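A.B. asks: First the structure, which I've put down as structure tokens, then a few questions once you've had a look.
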Amino acid sequence: MTEQRLADLERRLQQIEDERAIERLIASYGPLVDAGEADATAELWTADGVYDVENWLMNGREEIAAMVRSAGHQDLIGRGCTHFLSPAVVTVHGDEAVAVCESTLLVKQDNGFRVARGGVSHFHLRRAVESPHRWQIVRRITRMLDGSATSRALLVDGIAGTVR
């Protein structure tokens, strides 16, 4: 095996490992938030990370953890719900990355569940300084998929790997 071929394989393996780590991080959000794990949910973000969802802007881990601990969220998970994030499309740019997925919030109602929200989530991520195999969310923007140009642009930018 040539040095160039080995270097190419190492680069490709690193890309796959990075994409998989980001996919796992994003997939962790639903189970963590539905279990009410406020601190673990907040740790998905950088210390100064931003969560911008509809009309709620959370800055930093403390505000994200407070959202999970809030009466409204605790009532939601107490009634029964699932935050489901679809598989993400991930684009890695060195130590930065962009991912996009669609999300569905299902809420228990009577003998089943009703769809409470369908949205798009656009993520800007960064490799953690303390661990080169760990990624964290710098900014997550979530909007309803309501047909608006804004929500469609999040999808397009995410697929293109454009940082917002």
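The values are calculated or read from the model by the stated rules, or taken from the named source; none is laboratory data. Since the model is a prediction, treat every value here as computed from it, not as a measurement. We place every Cβ from the backbone using ideal geometry, glycine too, and count neighbours over all the protein chains shown. Heavy atoms of the whole protein, side chains included, go into the accessibility calculation; ligands, DNA and RNA do not. Shrake-Rupley method; radii C 1.70, N 1.55, O 1.52, S 1.80 Å.
A.B. asks: Please give the charge dipole size of the chain, origin at the Cα centre, charges +1 on K and R Cβ atoms and -1 on D and E Cβ atoms. Round to the nearest 20 debye. Could you put the intermediate results ahead of the total?
C.D. replies: Working: 19 positive and 24 negative charges, 73 e Å.
With Lys and Arg at +1 and Asp and Glu at -1, about 340 debye.
A.B. asks: How large, in percent, is the carbon and sulfur part of the accessible surface of the chain at a probe radius of 1.4 Å?
C.D. replies: 53 percent
A.B. asks: With a ≥ b ≥ c taken as the square roots of the eigenvalues of the C-alpha gyration tensor of the range 90-156, please select rounded if a/c is under 1.5 and otherwise prolate if a/b is larger than b/c or oblate if it is not?
C.D. replies: Because a/c hits 1.5 or more and a/b fails to exceed b/c, the range 90-156 counts as oblate.
A.B. asks: In whole Hz and in residue order, list the ³J(HN,Hα) couplings for the range 124-130 that follow from phi through the Karplus curve 6.51 cos²θ - 1.76 cosθ + 1.60, θ = phi - 60°; x for Gly and Pro.
C.D. replies: Per residue, the Karplus-derived 3J(HN,Hα) values read 10, 10, 9, 5, 5, 4, 6 Hz.
A.B. asks: Using θ = phi - 60° and the Karplus relation 6.51 cos²θ - 1.76 cosθ + 1.60, list the HN-Hα couplings for the range 150-164 in order, rounded to whole Hz, with x at every Gly or Pro.
C.D. replies: Each residue of the range 150-164 in turn: 4, 5, 5, 5, 4, 4, 4, 5, x, 4, 6, x, 8, 6, 10 Hz.
A.B. asks: Next question. Over the range 73-164, what is the relative contact order in whole percent, taking alpha-carbon pairs under 8 Å and six or more residues apart?
C.D. replies: After rounding, I find 26 percent.
A.B. asks: Could you point to the residue in T41, S151, M1 farthest towards the positive end of the chain's charge dipole, with +1 and -1 charges on the Cβ of Lys/Arg and Asp/Glu respectively?
C.D. replies: Positive-end residue among those listed: S151.
A.B. asks: Moving on. Using Cα pairs under 8 angstrom and six or more residues apart, how large is the relative contact order of the chain, in percent?
C.D. replies: 21 percent
A.B. asks: Before I look further, what does the range 109-164 give for accessible area per residue, probe 1.4 Å, in whole square angstrom?
C.D. replies: Accessible surface, normalised per residue, equals 55 Å².
A.B. asks: If I compute mean projected area of the Cα convex hull in nm² from the structure I just sent, which labelled value in (1) 11.1; (2) 13.1; (3) 8.7 lines up?
C.D. replies: (1)
A.B. asks: Whole-Hz Karplus ³J(HN,Hα) for the range 68-74, in order, using 6.51 cos²θ - 1.76 cosθ + 1.60 and θ = phi - 60°, x for Gly and Pro?
C.D. replies: Calculated HN-Hα couplings, in order: 5, 7, 4, 4, x, 6, 5 Hz.
A.B. asks: Summing -39500 (n - 2.57) over the DSSP H runs of n ≥ 4 in the chain and dividing by its residue number, what mean residue ellipticity at 222 nm do you reach, to the nearest 500 deg cm²/dmol?
C.D. replies: -13500 deg cm²/dmol, from helical runs alone.
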